Amino acid sequence: MTVLVFLDPAHENGRVADPAQPQLMATDLGATRGDGIFESMLAVDGVARKVGAHLDRLAKSARTMELDIPSADAWRRAIATALAEHPPAEEIVIKLLVTRGVEGADRPTAWVQADAAGPVGRKQRQEGVDILLLDRGYDSSLAERAPWLLLGAKTLSYAVNMTALRYARAHGADDVIFTSTDGLVLEGPTSTVLMATERDGVKTLVTPLLENGILPGTSQGALFKAAAAAGWQLGYGPLQPHHLLEADAVWLVSSIRLLAPVKSIDGTPIPVSAPMTDELMKLLAEGSQD
Ligand code: PLP
């Protein structure tokens, strides 16, 4: 069941709306130009995870595109309303969406959507993923040179990301890792890339450099914090595909799928570590409680 809660100054805790009825104006700039941003977070047993980190990233995306959005408190109240309206479920996906609003109105359209989590994230988590490396078509310094391209923001223009996933599935893979034209590992269409090595008893987690034009993952952030406290070494790229092939384990990480072990890259099998996956799943859950 889908629950919709619109952020509306006349309703302190948000206005619950009927998902079976039209709710957006056809002239909303989110629909006509994809001019908006979003967040996806997971609620486990009715408790939303990493709300602060998601709200911080939403605010950062908004600043990048000069979008005036509701306050963090208003979002928190609307999230609480959405969770209260949704029938109990082990995992609920909560999306925060905000567009530049109806043409000429000068007011954003903002809403929370809650749905029971679908099967894909859980399947990736349990069974792992076969990956295709796909060219993102830009070099790793573009984000810094051209901030108007919004490379580090979570915008509503996800058609390219979704098309890359369809391309992978049409070619026998489950998911994608994008690479830059100068040969660096970037991110998945809906995930952060993470690899681990274990040498002489020292375990190290590495993720690509954020400056390379990728979205800063809230899951990666939460996991790095918890892993550092548990004695892991941490590292940030630059990573090339051969680093992934030589790692002891590689994962796609995101709020909904959590950790999905990568089983192969472009058809080449790579090692999977069930003990490391179990340990990192616990650390991710620990780091995601606030
Ligand atoms: N990178 C991209 C492009 C994403 O869309 C996402 C999440 O959907 C992530 C990374 C992972 O972010 P998070 O861990 O905050 O879910």
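Computed from the coordinates by the stated procedures, all read-outs in this text should not be read as laboratory data. Keep in mind that this is a model prediction, so the values were computed, not measured. Note that each Cβ is placed from the backbone with ideal geometry, even for glycine, and that neighbours are counted across all protein chains shown.
Here are some notes:
- Two-decimal Rg/Rh across the stretch 45-201, once Rg and the Kirkwood Rh are taken from alpha-carbon atoms: 1.00
- A straight Cα-to-Cα reach below 17 Å connects Lys203 with the aspartates and glutamates Glu246, Asp248, Asp278, Glu279, residues fewer than 8 places away in its own chain not being considered.
- Beta bridges by DSSP in the stretch 115-210, antiparallel share as percent, to the nearest 5: 60 percent
- Helix-only CD estimate at 222 nm, as mean residue ellipticity for the chain, using -39500 (n - 2.57) per DSSP H run (n ≥ 4): -9000 deg cm²/dmol
- The spacing between the stretch 79-101 and the stretch 200-259, judged by their C-alpha centroids, is 28 Å.
- For the chain, the longest principal axis of the alpha carbon atoms and the long axis of helix 159-170 meet at an angle near 50°.
- Ignoring lysines fewer than eight residues from Lys154 along the same chain, the ones with Cα atoms less than 28 angstrom from its Cα are Lys50, Lys60, Lys95, Lys123, Lys225, Lys263, Lys282.
- Neighbour counts of other Cβ atoms within 10 Å put Ile92, Ile270 in the fewest-to-most order Ile270, Ile92.
- Alpha carbon convex hull of the chain, projected area averaged over orientations, nm²: 15.1 nm²
- For the chain, the antiparallel share of DSSP beta bridges with both residues in that region comes to about 80%.
- Relative contact order (percent, whole number), the chain, Cα cutoff 8 Å, 6+ residue spacing: 19 percent
- Taking the empirical scaling 2.2 N^0.38 Å for compact globular proteins as reference, the stretch 126-261 has a Cα radius of gyration ratio of 1.02.
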